[in-house]
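Only one structure is covered here, and it is reproduced in the block below.
The values are calculated or read from the model by the stated rules, or taken from the named source; none is laboratory data. The structure presented is a predicted model; accordingly, all values stated were derived computationally and were not measured. FYI the Cβ positions are ideal-geometry reconstructions off the backbone, even for glycines, and counts take in every protein chain you see. Keep in mind that these areas ignore ligands, DNA and RNA; they rest on the heavy atoms of the full protein, side chains included. Shrake-Rupley method; radii C 1.70, N 1.55, O 1.52, S 1.80 Å.
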Amino acid sequence: MQKGKLIIAGVMLTLSPALYAVDSTQVTPADQIVDAQNAPAPEVAASPMQDHVVQLMEKDFTFEGQYRDLSNQLVLEKMRSELRKLRGEKSAGAPAAVPLPVSMPDDSSADTPAEAGASAPVLRALLISEIAGQKRVAISGEGGAVKMVPLNQRFNYGGYSYIARHAQGNDVTVEAIHQ
């Protein structure tokens, strides 16, 4: 008898939240949910802290790219050194390999006016990310520099105006705006 009372009490305790949830939930039709997802989000101005986080992300992309380049150069130099040892060459007599210059992308060069008559360079969207509550798109330029730009808003790069638009699915297209 004791087991029966414990089982009934356990069943009542486990089902009571489910019974309460059935009474208090509202059922929304699927077409209303889909319409709400496709509706554009209201534009909110970015705060200084959000802009700072975006700048940190841009610098991190730049750092990681330069780090990969330098580590690749280091591995190549080690391989060349091993080849010289195997061939029996002396390092003093061997021609020195010229290291590739590593250039820091200049933020001011991305917004300088372009030459007259030149066509706008093609930019590539790398990823969509929500950084500090703001939806941003990572854009890669000609020199490999990465810039985080707001989605569906105008931005300047290389003296040209562009806009990154959300296409079907998770695709983003970057279009040059002719003035």
### Task
Only residues that are within 27 Å of Ile128 (Cα to Cα) and either open to solvent by 100 Å² or more (accessible area, probe 1.4 Å) or not in a helix (DSSP H, G or I) (or both): list them for segment 67-83, please.
Tyr67, Arg68
### Message
Looking at segment 134-142, can you tell me whether even one residue there is touching a residue at least 40 places away in the same chain (Cβ under 8 Å) and over 16 Å from Asp51 (Cβ atoms)?
### Response
no
## Note on the structure
When (1) at pLDDT 75 or above; (2) at positive phi; (3) open to solvent by 30 Å² or more (accessible area, probe 1.4 Å) are applied to Ala176, the one that fails is (2)
## Note on the structure
If we ask which residues in segment 133-161 are assigned to a loop (DSSP other than H, G, I, E, B) and either within 28 Å of Asp69 (Cα to Cα) or hydrophobic (A, V, I, L, M, F, W, C) (or both), their number turns out to be 8
### Message
For a quick check of your reading of the model, give me the residue pairs whose first member lies in segment 54-77 and is touching a residue at least 12 places away in the same chain (Cβ under 8 Å), whose second is open to solvent by less than 40 Å² (accessible area, probe 1.4 Å) and charged (D, E, K, R), with beta-carbon atoms closer than 7 Å and at least 6 apart or on different chains.
### Response
Val54/Arg136
### Residues being within 22 Å of Arg136 (Cβ to Cβ), in a helix (DSSP H, G or I) and either at pLDDT 70 or above or open to solvent by less than 80 Å² (accessible area, probe 1.4 Å) (or both) - total across segment 27-66
19
### Task
Name the single residue, out of those in segment 113-131 being open to solvent by 50 Å² or more (accessible area, probe 1.4 Å) and either charged (D, E, K, R) or within 23 Å of Glu64 (Cα to Cα) (or both), that is modelled with the lowest pLDDT.
Glu115
### Task
Please give the number of the condition Asp106 fails out of (1) modelled with pLDDT of 75 or more; (2) within 22 Å of the chain's Cα centre (by Cα).
(1)
